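A.B. asks: Dropping a structure here in structure tokens format, bear with me for questions.
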Amino acid sequence: MKIAELLEKEAVSVDIKSKDKGLILAEMVDLLVDSGNVKKPDTNEVIKKLKEREALGSTGIGKGVAIPHAKCPKCKKMVAAFGISKEGVDFKSLDGQLTYIFFLLIAPGETPGPHLKALARISRLLDDKFVRDRLRATGNARDLLKIIKEEEQKKAQ
């Protein structure tokens, strides 16, 4: 599975407004609701699962990147949202730096294999400084998705 296949334009924001970890998680889940991938009544359950995962340790992996993720039985398939914060946020990252790029991943509870593979792919993609810089400079969701597709194709070759 490719990362780009998990993302829909409606689940991408190049202008995350929230400045607090909990509010960012909620804003990202709202993107999943907007895309039709999470039902509005399930929002609180999804946010709760994300916060439980964050309580185990920050998903702010450093280099300006966070990959909040959780397993949630309310979700029937793996879904993702992507956000860019122009200002940067204190997400309690491992390196203590501000976080600008947020890739949220929600998986059904019974599928650990695909969930772990997706996390690994996302992490590899966002480890590249050139890719991170291109994503942060993007002005709209369509271009951001195009960059992800291009970079995935390069890495697959």
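A.B. asks: So what is the 222 nm mean residue ellipticity for the chain from helices alone, if each DSSP H run of at least 4 adds -39500 (n - 2.57) and you divide by all residues, rounding to the nearest 500 deg cm²/dmol? Don't jump to the answer; show the numbers that get you there.
C.D. replies: Values: 6 runs with 72 residues, N = 157.
Estimated from H runs of four or more residues: -14000 deg cm²/dmol.
A.B. asks: Take the alpha-carbon centre of the stretch 55-93, take the same for the stretch 1-54, and report the distance between them in whole Å.
C.D. replies: Going from one Cα centre to the other spans 9 Å.
A.B. asks: Please list 3J(HN,Hα) in residue order for the stretch 42-51, calculated via the Karplus relation 6.51 cos²θ - 1.76 cosθ + 1.60 where θ = phi - 60°; whole Hz, with x for glycine and proline.
C.D. replies: For the stretch 42-51, the Karplus-derived couplings read 8, 3, 4, 5, 5, 4, 4, 5, 5, 5 Hz, x marking Gly and Pro.
A.B. asks: If you don't mind, another one. Please list the non-local residues whose amide H lies under 5 Å from the amide H of residue 127, H modeled 1.01 Å from N, same-chain partners needing a gap of 5 or more.
C.D. replies: Excluding prolines and chain starts, which carry no amide H, there are no hits.
A.B. asks: With the chain treated as a Gaussian network of Cα nodes joined by springs under 10 Å, which of 71, 129, 48 yields the largest mean-square fluctuation?
C.D. replies: 129
A.B. asks: For the chain, restrict the atom set to alpha-carbon positions and state the Rg and Dmax in Å.
C.D. replies: Answer for the chain, Rg first and Dmax second: 14.1, 42 Å.
A.B. asks: Quick one: what are the phi-derived ³J(HN,Hα) couplings along the stretch 72-87, Karplus 6.51/-1.76/1.60 with θ = phi - 60°, whole Hz, x for glycine and proline?
C.D. replies: Computed from phi, the couplings for the stretch 72-87 are 9, x, 5, 8, 8, 8, 6, 9, 9, 9, 10, x, 10, 9, 5, 8 Hz.
A.B. asks: Sticking with this one: Can you flag which of 2/40; 39/129; 9/86; 76/129 are past 23 Å Cα-Cα?
C.D. replies: From 2/40; 39/129; 9/86; 76/129, over 23 Å: 2/40; 39/129; 76/129.
A.B. asks: A further question follows. Near the amide H of residue 62, under 5 Å away, which other amide H atoms are found, from residues 5 or more places off or on another chain, if H is placed in the peptide plane?
C.D. replies: Close amide H contacts, sequence-distant or interchain: 94, 95.
A.B. asks: Mind checking the stretch 48-157 for GluC sites (Glu not before Pro) that DSSP puts in a loop (not H, G, I, E or B) and that have at most 15 other Cβ atoms within 10 Å? Display every interim value, and only then the final one.
C.D. replies: On the way: sites: 52, 54, 87, 110, 150, 151, 152; in loops: 110.
When the GluC sites (Glu not before Pro) of the stretch 48-157 are filtered for loop state and at most 15 Cβ neighbours within 10 Å, 110 remain.
A.B. asks: Work out the length of the dipole vector of the stretch 42-150 about its Cα centre, built from +1 on the beta-carbon of each Lys and Arg and -1 on the beta-carbon of each Asp and Glu, and round it to the nearest 20 debye.
C.D. replies: Numbers: 21 positive and 13 negative charges, 65 e Å.
For the stretch 42-150, the charge dipole is close to 320 debye.
No lab work stands behind these numbers, since they all come straight from the coordinates. What you are looking at is a predicted structure, and each value in this text was computed from that prediction instead of being measured. A quick note on method: Cβ atoms are made from the backbone with ideal geometry, for glycine too, and the neighbour counts reach across all protein chains shown.
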